[in-house]
Amino acid sequence: MITRVRAAACANIALTKYWGKAGPGNAPATPSISLALSALRTETVVERVRGGRDRVILDGRPADRGTRTRVGAYLDLWREQGLLRGNFRVDSRNLFPTAAGLASSASGYAALAAALSAFSPRRIGRIELSRLARLGSGSAARSVPGGLARLPAGPDPAARRLLPPAAVPFGMVVALAATGEKETGSREGMLASARSSPYYRAWLRQARRDDREMRAALAAGDLPRIGALAEGNMAAMHAVMLATRPALLYWNEVTIRLLGAVRGWRRRGLAAWATVDAGPHVVLLCAREDLPRAARRARRVPGVRGVIESLPGGAAEVIEIEER
Ligand code: DP6
């Protein structure tokens, strides 16, 4: 019997964003394309326990109630589908600074799903695993294939890999614009946008156009086009967020300073573009060889709390299985 499994997955940053749900199970209302980042890894150890209760440890400490409930409900989903039996202790560790409030649900649920799949009496293939990770968090579906991955919109999609990490000609620099947790999580945020943002429908249409154009730009390896599309898509998403009532304002003054700085760098010859998720941090996209230069410049922007330089990362994987 398998008693303990260790698995890992990389977080990912979307070039075209998932913002909106089409139905239950984190069914996305927009297609999204992302890059997994090797520097943002989560390792999760799952152990079988007796006693009829699951336990959740996050970064070495018992998880708060919200997280415990969410992870417990996620394990229930696996149990209800007959994919898992019994109770478990989930010990998840982010190998990057989470004190900065960096999103970790993508790598967290992808690593957890990978670990759980090793316990399952049923064989779970990659596509099925991505679907299962999506039930935990929509963006986690994309961390399963890793590399450059696309999650289509629709009722029950899985993410597929567009390019393996070694074939992706660019990387990313994460510039931390604050410490601490963000105000409104993505989950509530996207529901609020769908309910009240006057631009939500226009966003859904634009997301489809950006998806088509992004795939073409990626196929052509056209970095300036990829970068411009990523910035435009990000700006459209934040326009929807800002017009949500009450407004979802995720940016702070450091975010705006960074967004302005990137434009200046570009004018002066550094080919870098910016994207921002549901938080204040700015993620720069640039050619692999420009990563150190972009990171150096980001570090010098006043108010930046930290900079993480990252190459493309791989798929979610099971690292170790213990049996008795
Ligand atoms: C802005 O995947 O965190 O980062 O499915 O509710 O768990 P849930 O949401 P989540 O949303 C990610 C939103 C985003 C854009 C993106 O990563 O595509």
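One table, with the values for the structure above:
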read-out	value
Residue count, segment 107-136 (criterion: crowded, with 24+ Cβ neighbours inside 10 Å and either under 16 Å from the mean Cα position of the chain (by Cα) or more than 25 Å from residue 49 (Cα to Cα) (or both))	13
Any hit, segment 222-231, residues being of a type in the set (Gly, Ala, Ser) and within 16 Å of the ligand (Cβ to nearest atom)	yes
Residue list for segment 267-278, filter: over 17 Å from residue 107 (Cα atoms), open to solvent by 30 Å² or more (accessible area, probe 1.4 Å) and touching a residue at least 12 places away in the same chain (Cβ under 8 Å)	271
Meets criteria (within 16 Å of the ligand (Cβ to nearest atom), within 20 Å of residue 57 (Cα to Cα) and either assigned by TED's automatic domain parsing to the domain that holds residue 292 or open to solvent by less than 40 Å² (accessible area, probe 1.4 Å) (or both)) for residue 159	no
Residue in segment 179-200 that is at pLDDT 95 or above, in contact with a Leu (Cβ under 6 Å, 6 or more places away or on another chain), assigned by TED's automatic domain parsing to the domain that holds residue 252 and crowded, with 22+ Cβ neighbours inside 10 Å present	no
Given (1) within 22 Å of residue 297 (Cα to Cα); (2) without any contact (Cβ under 8 Å) to a residue 40 or more places away in the chain, index of the condition residue 202 fails	(1)
Verdict on residue 223 being buried (at least 18 other Cβ atoms within 10 Å of the Cβ) and touching a residue at least 24 places away in the same chain (Cβ under 8 Å)	yes
Some residue of segment 154-164 being in contact with a strand residue (DSSP E or B) (Cβ under 9 Å, 6 or more places away or on another chain) and farther than 20 Å from residue 18 by Cα	yes
Residue list for segment 1-49, filter: open to solvent by 10 Å² or more (accessible area, probe 1.4 Å), within 16 Å of the ligand (Cβ to nearest atom) and in a strand (DSSP E or B)	12, 13, 21, 22, 23
For residue 52: the one exception among (1) within 16 Å of the ligand (Cβ to nearest atom); (2) modelled with pLDDT under 95	(1)
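Results for (1) in a helix (DSSP H, G or I); (2) farther than 22 Å from residue 162 by Cβ, shown as yes or no for each residue.
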| residue | (1), (2) |
| --- | --- |
| 52 | no, yes |
| 69 | yes, yes |
| 75 | yes, yes |
| 85 | no, yes |
| 108 | yes, yes |
| 115 | yes, yes |
| 132 | yes, no |
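Condition check ((1) acidic (Asp, Glu); (2) closer than 20 Å to residue 14 by Cβ; (3) surrounded by 18 or more Cβ atoms within 10 Å (Cβ to Cβ)) across all residues:
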| position | (1), (2), (3) |
| --- | --- |
| 245 | no, no, no |
| 249 | no, yes, no |
| 280 | no, yes, yes |
| 283 | no, yes, yes |
| 288 | no, yes, no |
| 299 | no, no, no |
| 303 | no, no, no |
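The values are calculated or read from the model by the stated rules, or taken from the named source; none is laboratory data. Small disclaimer: the values here were computed from a predicted structure and weren't measured. Here the Cβ is made from the backbone with ideal geometry for all residues, glycine too, and neighbour counts use every protein chain on show. Ligands, DNA and RNA are excluded from the accessible area calculation, which covers all protein heavy atoms including side chains. Shrake-Rupley method; radii C 1.70, N 1.55, O 1.52, S 1.80 Å.
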